[in-house]
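> Just dropping this structure here.
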Amino acid sequence: MKHHLYIEMDNCIGCRSCLAACTQCGGHEERNRNYVYDVDPLVSRQTIPLMCLHCVNPACARSCPAQAIQITDEGVVLSALVEKCIGCQNCTLACPYGIPKFDQEQNLMYKCDLCYDRTKEGIPPMCASVCPTNTLQWLTDEQLAAKQSRHALGQWTASEPYNPLEGMTNVKISLPGILQGKQKLF
Ligand code: SF4
Ligand code: SF4
């Protein structure tokens, strides 16, 4: 990718503009494909966005028996192809982050495709284009490298029993301060 979605988690104020923008995307049928969570509401007001991280070796695509989940040359993990998806829901179980969702009526999985119609042209995805706090940033290789010198990026570790699914992601994140040292979100 020439550009990367980068998530500066500490900045999130929970406004959910990213959800609203995703809901309005063409073809989304007014359903958001990204999510915002409270990290630990009893001790903090910190919220974090949860987007598809577009894993380098995605569990969803690996678990699909129908090759319905395509990966672009840029590393974007696309929503299921209508003509191929058989509705088995393997992908919804395999993803450690709960990103693929299942539409019962259409018998079809849907997920974030990083606004591929925009991002393949270098235009930021809708979520990043509206985030008012720079939590969601659309960075060039050089800009990302500058971030990388300050943060350990690209690793997202799920808690037990999912540790075997730890892996490299195309979307890069910096964990919020409240989680640093724990590296576990779920
Ligand atoms: S738009 Fe930005 S600040 Fe608002 S909830 Fe989404 S990531 Fe957080
Ligand atoms: S629900 Fe569709 S996309 Fe998901 S694993 Fe099954 S066939 Fe593949």
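Taken together, the values in this text are just the output of simple stated rules run on the coordinates, not laboratory data. All figures in this text were calculated on a predicted structure; none of them were measured in a lab. Quick reminder, even Gly has a Cβ in these numbers, built from the backbone with ideal geometry, and neighbours come from all protein chains shown.
> Failed condition for I99, given (1) closer than 19 Å to T169 by Cα; (2) away from ligand 1 (no atom under 16 Å from the Cβ); (3) among the aliphatic types (A, V, I, L, M); (4) assigned to a loop (DSSP other than H, G, I, E, B), with all others met?
(2)
> Let me ask something else. Just name the residue that is surrounded by the most Cβ atoms within 10 Å (Cβ to Cβ) out of those in the range 118-135 that are part of a loop (DSSP other than H, G, I, E, B) and within 15 Å of ligand 1 (Cβ to nearest atom).
Restricting to residues being part of a loop (DSSP other than H, G, I, E, B) and within 15 Å of ligand 1 (Cβ to nearest atom), the top hit is P125.
> Something else now. Which of the residues that make up the range 102-117 are crowded, with 16+ Cβ neighbours inside 10 Å and either in contact with a helix residue (DSSP H, G or I) (Cβ under 7 Å, 6 or more places away or on another chain) or in a loop (DSSP other than H, G, I, E, B) (or both)?
If the condition is that a residue be crowded, with 16+ Cβ neighbours inside 10 Å and either in contact with a helix residue (DSSP H, G or I) (Cβ under 7 Å, 6 or more places away or on another chain) or in a loop (DSSP other than H, G, I, E, B) (or both), then F102, M109, K111, C112, D113, L114, C115 are the ones that fit.
> Separate question: Hey, P65 hits all of (1) outside any strand (DSSP E or B); (2) of a type outside the set (F, W, Y); (3) more than 16 Å from ligand 2 (Cβ to nearest atom) but one; which does it fall short on?
(3)
> With the checklist (1) surrounded by 15 or more Cβ atoms within 10 Å (Cβ to Cβ); (2) small (G, A, S); (3) away from ligand 2 (no atom under 12 Å from the Cβ) in hand, flag the one item G98 doesn't pass.
So the condition that G98 fails would be (1).
> When the residues of the range 51-78 are filtered to those that are crowded, with 19+ Cβ neighbours inside 10 Å and within 28 Å of N11 (Cα to Cα), which remaining residue is farthest from ligand 1 (Cβ to nearest atom)?
Per the criteria, the residue is P58.
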